[in-house]
Structure formats: structure tokens, C-alpha cells
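Undergrad: Once you've had a glance at the structure underneath, I'll fire off some questions.
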Amino acid sequence: MLDTSALISAIRSGSGAAAEVVRLVALGKLTLLLDLKLVCEYRDVAMRPEHFGASGMTVEDTQAVIDLLEAVAQPVLVLVRHRPLSLDPNDDMVLDLAINGNADAIVTNNIKDFKAAAERFGIPALLPRAFLTTFKAGGH
């Protein structure tokens, strides 16, 4: 599962580890879990003007990335909410999605807010680079 912070990193820098995670999802080598709330958060955050200047992408480019992720993702119906898990309600939304979707990992740049809560449910919270290292070693 891909937290919004990692998606924004991928959008802002097409050559980083987060962008490689997005490419692996687009190629069908990784399964992305999504629900409507997370897709809406992706759009809300990614469409902020500061990201266009940093990435060089247009609104249409950014929308195309999110549309692609939504098209290839495995939808998850969040039936059980485990609240509160973190100090940030948006983090709880991501954690609920990961728990209900039986995620193998949460890929995020926000380790400190996710790590303890995710690991209570057996889900590692990993930086994009650490996730790629684990993935390439056959761990996911």
C-alpha cells in the first residue's frame, strides 16, 4: 500500500525510490490497495500548486498518474475501523485500509507516525528505498 507522502515523492521526483514503486505498480509487479478515501486524498494533495513547480508535471500529467494507479489497484472495502491508531486521522484511514486489505507493507515517508500502529497488525511501515530492497530480495 502506498501512503500519500510516498506518492507525492514519486510525483515530485521521477527518479527516486518512490517513483520506482509507482512504476512497479503500473507494470503489475506490485499490487496497490486503494479505496475511495485514499484516492481522494491522493488527488487533493497531488493537485496542490507547489507540487507542479517541483515536478514539472502538469495537472493532466498528475491526474493521469493517479488515474492509472486507480485503474490497476485492488479495491478494498474497509469494514472494520481500528480507531484511534495514530495522532493523525488521515494516518488512521491509511492504516484501516492496510489492515482490511491485508497489506504486505505500507510504503511511506512518514515512518514515525505509522511504524508502531502498523506493526501491531503485522504490517511493516517502510521507506520507499527500504521497501524496494526488501522487494528485490524476494520479501514481498
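The values are calculated or read from the model by the stated rules, or taken from the named source; none is laboratory data. Since the structure is predicted, the reported quantities are computational estimates derived from the model, not experimental observations. Don't worry about glycine lacking a Cβ; one is built from the backbone with ideal geometry, like all the others, and counts go over all protein chains shown.
Undergrad: Only one residue in Gly138, Gly101, Gly122 is farther than 30 Å from Pro49 by Cα, in contact (Cβ under 8 Å) with a residue 60 or more places away in the chain and either out of contact with any Gly (no Cβ under 8 Å at 6 or more places or on another chain) or not hydroxyl-bearing (Ser, Thr, Tyr) (or both). Which one?
TA: Checking each option against the conditions leaves just Gly101.
Undergrad: Is it the case, given these coordinates, that His51 is over 16 Å from the mean Cα position of the chain (by Cα) and under 19 Å from Pro124 (Cα atoms)?
TA: No; evaluated as a whole, the condition is false for this residue.
Undergrad: Suppose the filter is in contact (Cβ under 8 Å) with a residue 24 or more places away in the chain and touching a His at 6+ places or on another chain (Cβ under 7 Å); does Ala117 pass it?
TA: Spelling it out, it is not the case that Ala117 is in contact (Cβ under 8 Å) with a residue 24 or more places away in the chain and touching a His at 6+ places or on another chain (Cβ under 7 Å).
Undergrad: Which condition number does Thr58 fail, the rest of (1) of a type in the set (Val, Ile, Thr); (2) over 20 Å from Ile99 (Cβ atoms); (3) touching a residue at least 12 places away in the same chain (Cβ under 8 Å) being met?
TA: (3)
Undergrad: Which ones in the range 118-139 are in contact with a Pro (Cβ under 9 Å, 6 or more places away or on another chain) and either among the aromatic types (Phe, Trp, Tyr) or under 21 Å from Asp91 (Cβ atoms) (or both)?
TA: Scanning the range 118-139 gives Ala118, Ala130, Phe131.
Undergrad: Determine, yes or no, whether Ala17 is among the small types (Gly, Ala, Ser), touching a Pro at 6+ places or on another chain (Cβ under 7 Å) and under 21 Å from Asn100 (Cβ atoms).
TA: On the way: among the small types (Gly, Ala, Ser): yes; touching a Pro at 6+ places or on another chain (Cβ under 7 Å): yes; under 21 Å from Asn100 (Cβ atoms): no.
Criteria not met by Ala17.
Undergrad: Could you pull out every one of the helices (runs of 4 or more DSSP H) wholly within the range 26-140 that has 2 or more residues that are surrounded by fewer than 18 Cβ atoms within 10 Å (Cβ to Cβ) and modelled with pLDDT of 95 or more?
TA: Working: elements: 36-46, 49-55, 59-72, 89-100, 111-120, 128-136.
The qualifying helices (runs of 4 or more DSSP H) are 36-46, 59-72, 128-136.
Undergrad: Further question on the same structure: Quick test of your reading of the structure: Gln74 fulfils all but one of (1) under 18 Å from Asp113 (Cα atoms); (2) touching a strand residue (DSSP E or B) at 6+ places or on another chain (Cβ under 9 Å). Name the failing condition by number.
TA: Going through the list (1) under 18 Å from Asp113 (Cα atoms); (2) touching a strand residue (DSSP E or B) at 6+ places or on another chain (Cβ under 9 Å), Gln74 breaks only (1).
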